[in-house]
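Here the structure is laid out as structure tokens; the discussion comes afterwards.
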Amino acid sequence: MTHFDTIVVGAGISGATTARILHDAGRRVVVLEARDRVGGRVWTVRAGGSTLDVGASWIHGIDNNPLADAVHAFGIRTAEFTVGSYQPDGRPIAYYSPTGARLSDAAAARFSADVHDFDEGFARTIADSSPRTSFGDAVDATLGRLDWDSDRLDRVREFLGHRAEEQLGVGQEDLDAHGLDDDAIDGDEVVFPDGYDELALRLTEGLDVRLGHVVTRVHWGDDGVVVTTAAGSFSADRAVVTVPIGVLKSSDFTVEPSLPEPVSGALDRLSMNAFEKVFLRFPIKFWDENVYAIRQQGEAGRWWHSWYDVTLDGRPTLLTFAAGPCAQETRHWSDERIAESVLESLRGVYGDRVVAPDGVHVTRWQDDPFSYGSYSYMTVGSHCRDHDDLATPIGGVLHLAGEATWTDDPATVTAAMKSGHRAAERILQRPVPFHEIWSPLDR
Ligand SMILES: Cc1cc2nc3c(=O)[nH]c(=O)nc-3n(C[C@H](O)[C@H](O)[C@H](O)COP(=O)(O)OP(=O)(O)OC[C@H]3O[C@@H](n4cnc5c(N)ncnc54)[C@H](O)[C@@H]3O)c2cc1C
């Protein structure tokens, strides 16, 4: 059995970041990756002339963000698309009323102002909320203090429910009140016209990455770690495990001895979400010009309420999300049935102008055995610190990293990168400037 300094389990952005830093520091590192590709939940599918990011799309705020710095240093092309955090405004959005009429600019501005007013009170409600308050209860408590007519209350209540679903892939009653505490974005958001996957490819250049290595067991102890895969066992002084919490919670993956507190309690309280992307490519563009997104208000938009114009490569393309309850209910539907359901909603907005799509792509992250969902969220009763607690070093030899282990901005690629960087710093026992991640360019 070959012995390594460090085994990194998973070649997503967190694992790639850890391995990159340790490798560049002269450590002997191997990355064991179950899939036949690197990137994990950063995954670009190129088909029929289109480039679709079927995992992460956005950098949610490029200011003071080492992820954005890395992308810039690697020369990866980005495009501004500041509508990825369920903003009510800021960029042009075409709002449609419950009856399908486009809201005037003044009516849309009034609605957005209501959301901003709500948000101010909401922050206070959350700060004062008792433990085990759900996001939905906090919404209701905040709305209860507003002297608005029922229509205004309904529209904002609905928007907040959709925000929980679309941001975190969970119904607002199942999300802790603090579940979106870190929601503020710093600077513009950007997407990747040529695909987000280039980031993972650049990070893993020159590393010893073993694809197709499904890890089933990690044994840790005073002497280090032994990691079991169907292709054989690997030993090392230590391991950094970056598999999604959906995998960590499953019976597919065993840690022996089992994870101690506070890691185990944190893992119990965090959960994997239900969130899928639906891309529809069309031969022509039939929707509003010069808008970033289209939103349907009211019952007609219960499931499909937001469409994003992701015509990045010139092919008219809309992206919508099956999020939370919608993702759970449509999980076993065929792609055709899901597409038809989305088109039916689009017809409520655009009527006969809706044409048949010439391409449909539906993701299936809930059924992905190397993820079991799209990203983590805080169940009711969890604590913000659960994210960081999940990364508590175990026995000096085992580290967990990944989006779920980062408190400030969990569920993002930024979190994955920062958590991978933290694990490497802990192993090297020295601060590592972020730019060392991309400094190989200068060597
Ligand atoms: C549909 C979707 C949309 C998203 N949108 C955004 C967005 O717009 N912006 C954003 O910032 N974030 C977004 N995210 C979240 C973002 O993709 C993740 O937070 C981030 O990529 C996680 O990186 P990671 O390294 O923690 O985990 P992963 O990328 O999941 O990496 C873990 C790796 O471990 C591997 N693995 C799993 N099990 C095993 C095993 N048994 N043995 C060996 N290897 C294993 C996996 O294959 C994977 O490669 C989205 C995610 C999804 C799915």
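Taken together, the values in this text are just the output of simple stated rules run on the coordinates, not laboratory data. Bear in mind the structure is a predicted one, so any value in this text is a computation, not a measurement. Note that we place each Cβ from the backbone using ideal geometry, even for glycine, and neighbour counts take in every protein chain shown.
At q = 0.09, 0.14, 0.16 Å⁻¹, work out log10 I(q)/I(0) for the stretch 309-443 with the Debye formula, treating every Cα as an identical point scatterer and leaving solvent out; two decimals please.
-0.47, -0.87, -0.97
Compute the distance from the alpha-carbon center of the stretch 184-222 to that of the stretch 402-417, in whole Å.
Computed from Cα coordinates, the inter-centre distance equals 12 Å.
Return the sequence-ordered ³J(HN,Hα) values of the stretch 351-365 in whole Hz as given by the Karplus equation 6.51 cos²θ - 1.76 cosθ + 1.60 applied to θ = phi - 60°, using x for Gly and Pro.
So the J values, rounded to whole Hz, are x, 5, 5, 5, 9, 5, x, 9, x, 9, 9, 10, 7, 9, 5.
Amide H of I62: which non-local residues (sequence gap of 5 or more, or other chain) have their own amide H closer than 5 Å, using H built in the peptide plane?
Answer set, sorted by chain and number: D188.
Quick check: Cα centre of the stretch 241-258 to Cα centre of the stretch 87-109, how many Å?
44 Å
Among A415, G212, P131, which residue has its Cα positioned farthest towards the positive end of the charge dipole of the chain, with +1 placed on the Cβ of Lys and Arg, -1 on the Cβ of Asp and Glu, and the dipole taken about the Cα centre?
Result: G212, furthest along the dipole toward the positive end.
Amide H of V214 versus every other amide H placed in the peptide plane: which residues, excluding those fewer than 5 positions away on the same chain, fall under 5 Å?
Those qualifying (amide H under 5 Å, at least 5 residues apart or on another chain) are A230, A231.
Which of P98, L168, A79 sits closest to the plus end of the dipole of the stretch 75-202, meaning its Cα is farthest towards the positive end, when Lys and Arg get +1 and Asp and Glu get -1 on the C-beta?
P98
Amide H to amide H under 5 Å from S306: which residues, 5+ apart in sequence or cross-chain, H placed 1.01 Å off N in plane?
Result for S306 returns Q296, F321.
Which whole-Hz couplings ³J(HN,Hα) result when phi for each residue of the stretch 318-325 is put into the Karplus expression 6.51 cos²θ - 1.76 cosθ + 1.60, θ = phi - 60°, listed in order with x for Gly and Pro?
So the Karplus estimates, Gly and Pro as x, are 10, 10, 10, 10, 8, 10, x, x Hz.
What lysines could a cross-link reach from K285, if we take a straight Cα to Cα line under 22 Å and drop same-chain neighbours fewer than 8 places away?
K277
Taking the DSSP beta bridges in the chain as the whole, what percent of them are antiparallel, to the nearest 5?
65 percent
Show me, for the stretch 254-265, the HN-Hα J-couplings you get by feeding each phi into the Karplus relation (A = 6.51, B = -1.76, C = 1.60, θ = phi - 60°), rounded to Hz, glycine and proline as x.
10, 10, 10, x, 5, 4, x, 5, x, 5, 5, x
If one computes the Cα centroid of the stretch 1-79 and of the stretch 340-374, what distance in Å separates the two points?
Each part reduced to its Cα centre gives a spacing of 27 Å.
Of the options W365, C384, Y350, report the single residue whose Cα projects farthest towards the positive end of the charge dipole of the stretch 302-389 (beta-carbon charges: Lys, Arg +1; Asp, Glu -1).
Y350
Can you give the Rg and Dmax of the chain based on its C-alpha atoms, in angstrom?
Gyration radius and largest Cα-Cα distance of the chain: 22.1, 70 Å.
At 222 nm, what helix-only mean residue ellipticity would the chain give, in deg cm²/dmol to the nearest 500, using -39500 (n - 2.57) for each DSSP H run of four or more?
It lands at -9000 deg cm²/dmol.
Rg and Dmax of the stretch 73-178 over Cα atoms: what are they, in angstrom?
15.7, 52
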